[in-house]
Amino acid sequence: MCGIIGYTGPKSVVPILIEGLKKLEYRGYDSAGVAVVNKSKIQVRRVKGKIIGLEKNLKLSPLNGSYGVGHTRWATHGRPCEENAHPHQDCTGSIVVVHNGIIENYLPLKQKLKEEGHTFCTETDTEVIAHLVEKYFQSSLEEAVQQAVQELEGAYAIAVLSTRDLGKIVAAKDGPPVVVGLGDKENFVSSDINPLLNYTQKIVFLEDGEMAVIGTQGVKFCDFKGSVLEKKVEHITWSPLMIEKGGFKHFMLKEIFEQPQVVRDTLKGRISLDSGKICLDEIGITPESLKDITRAVIIACGTSYHAGLVGKYFLETIARVPVDVEFASEYRYREFILDEKTLVIVISQSGETADSLAALRAVKEKNPVSLAICNVVNSSIPRETDGVLYTHAGPEIGVAATKTFSAQLAALALLALHLAQVKGKINEKESLSFIESLQRIPHKMENILNQAKSIEELALEFVSFSHFLYLGRGVNFPVALEGALKLKEISYIHAEGYPGGEMKHGPIALIDEKMPTMTIVPRDGVYEKMLSNISEIKTRDGYILAVAFEDDEEIKEKVDKVIPIPSVHPLFTPFLATLPLQLFAYYIASKRGADVDQPRNLAKSVTVE
Ligand code: AGP
C-alpha cells in the first residue's frame, strides 16, 4: 500500500523524508516522490521504481527545503510511472498532496473540475484532491482541505502543503491510517509509526473524520468541520532497534526467530500460574457478556484467516463454542445470521485490512459482540470493535506474516481458555493442564529454531521445483494452508494446501516426481489416516517430507525426509509445525534470490479492496 511522510522542523527536510520513505518500503510500492518548500517555492521530485532511484536523482540535482512531504505509491489508478507518482499538484503548482487510499468518485470530480477550467496532468485519482483544495482555497489551507474532503468518497489518508499558506502540513484521514509524531520543535506525519521512532515516541493516531495542522510550533487537531479536538498522545515503547534487522539477512528471518519471545510476550501477564485463571480484563468485554455467547464467527484474510482456522479448534475443543471462520472479502457481502449472542472476532495483525474493516462495519448492524485480535495499537479495526486482545509481537516488517501468526495463535488459545472458564466449561485442573502445555511452547520453538541449519540444507534440495503440495488434517490442515502460502508468496513457487482426506477427491492426480508433498503428521487422532495418505503418494513415486514428532520412529520408514519437532499437546501442534514450514519457504526463496521482505505484487497491509 502507499505510504505518506511529512516533516516540519529545523533540520534539512530531504534526508528525513528519504529515511522515512525507506521505513515505509515494506508496505509495497512501485514509485516514490518528495515535495519540499524552499522559501516560497515548492520543489517536487518523483521517480518510477525504488527509493534508491529517487536518492540518485536528488544527488544529481539536490533539493533544499525547510519542510515537505514524501510518498511511496502502490498503483491503484494509473500506471506505475513518474507522471503518476506522488506528490501531485494543482494547476498553479502552489499546492501539493500525497495520498494513501482510493477516491472512488474521482472520475465525476475530475470531469467537473475540468469543466471549471482545471487542467490535469496524471491518470490518478489523487490529483483531484490537489485541484479541489485549489478550488476552495481562500486564505487558510486547513479550511480549503476541510471543504475539499467533503466531496471525496472512498478512502484517504492525505498530507497537503501550499506556498499560499506557508509553514504547515495539513493531514486528513478517512480510512487508511495517519499518525502524527510530536518532536522537540519538530513534528511529523506518517502512514505508520516506523519512520518516526528514530525521532519521537510521542504519537497521536488520527481517527476517521479528523485532521491535523502540523507546524514547527505545534500541532492543532480538528474535525472536518473545523472544531478543535483534544487528542490523546500515546507513548510508543517500540524502539527503533526493534525495527532494524538485528543482524539477520532479512526482516522475515529475524521475525521467525523472534517467535518464542513473541509467544511469551503475548501470554505474559494474562495467566495466573497458580490458579490457572486467565486474566483478560484488558479486552474491554466483560465476562458477563462473554458468558452469554452461544457461537463465534472469525473474520480475517490471508495468514490471519489461517490463524482463525486454528482458533476454531481451540474455541470448539476448549470452550465448546461453535465457530465459523470466514474470508472477510467474501463474508462482507453475505446475509449475516448473527445476533447479540454471537462473538465476532476480527483477526488482523495490521488492523488496517480493508476487507476485514468493511466486514466488521457490515456485521455491526446485527449487534454482535465484536473483538479484534490485532498487533498494532489503536489501528482502525480495534478502534471499531467492542474489545481488543492485542498480540505483543512488536512491529512485523517482512510482508510475509510469521511472528504475528504465532502471536495470534497464543491470543486465540488465551481467548478459548478465558471463554471456557467464564462459561464453566473447564475446571481448574483442565485449565492448568492446557496452560502448562502453552507455557512450554516457547522453549520447544527454540529447539526447532536451533535446527534451522538442517532445515536450510533440506530446503536447498527444492529450490528448482515449481510445484508443492502441503497436507495436514484436523488442527494441522490450517498449518498446511499457511505453509503453502509462505512458500508461494515469497518464492513464487506454486504451492497448495489441502486436508489429507481430500487427496482422493482430486489432488492425488497431481502426484509424480515433480510434485513433492509436505505433510504435517504429529501423533494425534488422525495419525494413521495421514500414514494412508503418505502410502498412496509413495506408491505413485511422490517425494514426501513429513513434519513429525522427534520421538516418532515409525514415520522415518514411510517418508523420504522427516523434519522433527518436539511433541506437544496435539491441539497446540500448529505453534510448532508452522516454524519449519516458515524456514523451509524462507531458505528456498532466499536461495532463489527473491525479494523476501518485499515480495513482488504484495503489500504488508492491504488497505484498499
Ligand atoms: C501473509 O503472509 C500476508 N502478509 C497476508 O496474507 C496477510 O496475512 C493478510 O493480508 C492479512 O493481513 P492482516 O493480518 O494485517 O489483516
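The values are calculated or read from the model by the stated rules, or taken from the named source; none is laboratory data. Treat the numbers as computed from the prediction; the structure is a model and nothing was measured. Quick reminder, even Gly has a Cβ in these numbers, built from the backbone with ideal geometry, and neighbours come from all protein chains shown. What goes into the accessible areas is simple: the full protein's heavy atoms, side chains included, and nothing from ligands, DNA or RNA. Shrake-Rupley method; radii C 1.70, N 1.55, O 1.52, S 1.80 Å.
Taking strands (runs of 3 or more DSSP E) as the structural unit, those lying wholly within segment 496-609 and holding at least 3 residues that are open to solvent by 20 Å² or more (accessible area, probe 1.4 Å) correspond to 561-565.
Residues checked against (1) closer than 23 Å to His569 by Cα; (2) modelled with pLDDT of 95 or more; (3) within 16 Å of the ligand (Cβ to nearest atom); (4) open to solvent by less than 50 Å² (accessible area, probe 1.4 Å):
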| site | (1), (2), (3), (4) |
| --- | --- |
| Leu389 | no, yes, yes, yes |
| Pro395 | no, no, yes, yes |
| Gln408 | yes, yes, yes, yes |
| Leu414 | yes, yes, no, yes |
| Leu438 | yes, yes, no, yes |
| Ser464 | no, yes, no, no |
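Answer with yes or no whether Asn367 is polar (S, T, N, Q) and within 14 Å of the ligand (Cβ to nearest atom). Here the answer is no, as Asn367 does not meet what is asked. Selection within segment 376-387: residues that are among the aliphatic types (A, V, I, L, M) and modelled with pLDDT under 95. The member of this set that is farthest from the ligand (Cβ to nearest atom) is Val377. Select from segment 397-406 the residues that are under 12 Å from the mean Cα position of the chain (by Cα) and either away from the ligand (no atom under 12 Å from the Cβ) or aliphatic (A, V, I, L, M) (or both) and list them in ascending order. Scanning segment 397-406 gives Ile397, Val399, Ala400, Ala401. Residues considered: Ser348, Ser380, Ser329. Of these, the only one that is over 30 Å from Tyr470 (Cα atoms) and hydroxyl-bearing (Ser, Thr, Tyr) is Ser380.
Applying a threshold of 6 Å to beta carbon distances and a minimum spacing of six or more residues, or different chains, the list of pairs starting in segment 333-350 at a residue that is free of Cβ contacts under 8 Å to residues at least 24 places away in the same chain and under 19 Å from Leu415 (Cβ atoms) and ending at one that is away from the ligand (no atom under 16 Å from the Cβ) and assigned to a loop (DSSP other than H, G, I, E, B) is empty. Which of the residues spanning segment 335-364 are outside any strand (DSSP E or B), within 13 Å of the ligand (Cβ to nearest atom) and not polar (S, T, N, Q)? The answer is Gly351, Glu352, Ala354, Asp355, Leu357, Ala358, Ala359, Leu360. Within segment 347-393, being under 13 Å from the mean Cα position of the chain (by Cα) and aliphatic (A, V, I, L, M) holds for Ile347, Ala354, Leu357, Ile373, Val376, Val377, Ile381, Ala393. Could we say that Gly101 is in contact with a Pro (Cβ under 6 Å, 6 or more places away or on another chain) and either surrounded by fewer than 22 Cβ atoms within 10 Å (Cβ to Cβ) or closer than 20 Å to Pro176 by Cβ (or both) here? Criteria met by Gly101.
Just the residues that are out of contact with any His (no Cβ under 7 Å at 6 or more places or on another chain) and closer than 17 Å to Tyr7 by Cα, please, taken from segment 71-95.
Thr72, Ile95
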